[in-house]
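What follows is one structure encoded as structure tokens, with my remarks underneath.
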Amino acid sequence: MTRAPKAPKLTERALSAQIQRLFALADCMVYSSEQGYRKEPGGTRSTPGQADLLVFAPLWTRKLAPDSPVGFFEVKTPAGLKEHHRLAPLSAPPTAGQMKAWRKVRGQAAFAALCRARGIPYGIGGVDEAWMFLESVGLARRDASGQYLLVKGAR
């Protein structure tokens, strides 16, 4: 019996590139604060919880929300999103094995809450969630079959 080859694992880096291309198609400018690989240890060198992508509204609309020309998007693979949702509501103290991931998730949840409290659009996840982010700020819509389309003004 021959096993089917495993599909290559989707890395956060590859997923981020897909999401950045989607935002570019919607005429958004995107700046990445992702860390990338470093040989030396020493943490992320950024504020804990800061989102991976800063998304600027297209010039033809100038706003992603009534009072915000920018939004943030945290890139997560399906496994990363599952872990985020598992750890974010953790009410009991995390175990030693959960501590590092829990600190990261706690910072991301606090950043998301701060954005939402200030009316700044915030999204988290993969390409599907990026489409939902664009829909929530009026840059995409669904047709009758449920497929996403970019709005007029976007390419």
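The values are calculated or read from the model by the stated rules, or taken from the named source; none is laboratory data. Note that the coordinates shown come from a computational prediction; the quantities given were computed from them, not determined experimentally. For neighbour counting, all protein chains shown are included, and Cβ atoms are generated from backbone atoms with ideal geometry for every residue, glycine included.
Out of segment 110-146, which residues are within 12 Å of the chain's Cα centre (by Cα) and of a type in the set (Gly, Ala, Ser)?
112, 123, 125, 126, 130 - these are the residues of segment 110-146 that are within 12 Å of the chain's Cα centre (by Cα) and of a type in the set (Gly, Ala, Ser).
Hey, among 14, 51, 24, which residue is at pLDDT 75 or above, within 15 Å of the chain's Cα centre (by Cα), farther than 16 Å from residue 131 by Cα and outside any loop (DSSP other than H, G, I, E, B)?
Unique residue meeting the criteria: 14.
Could you say which residue among 100, 76 is of a type in the set (Lys, Arg), within 15 Å of the chain's Cα centre (by Cα) and at negative phi?
76
Does segment 27-48 hold any residues that are at pLDDT 85 or above and part of a loop (DSSP other than H, G, I, E, B), and which are they?
Answer for segment 27-48, where residues must be at pLDDT 85 or above and part of a loop (DSSP other than H, G, I, E, B): 27, 28, 33.
Is there any pair linking a residue in segment 101-123 that is under 21 Å from residue 83 (Cα atoms) to one that is among the acidic types (Asp, Glu) and crowded, with 19+ Cβ neighbours inside 10 Å, with Cβ under 7 Å and at least six apart or on different chains, and which?
From residues that are under 21 Å from residue 83 (Cα atoms), the pairs are 108/74.
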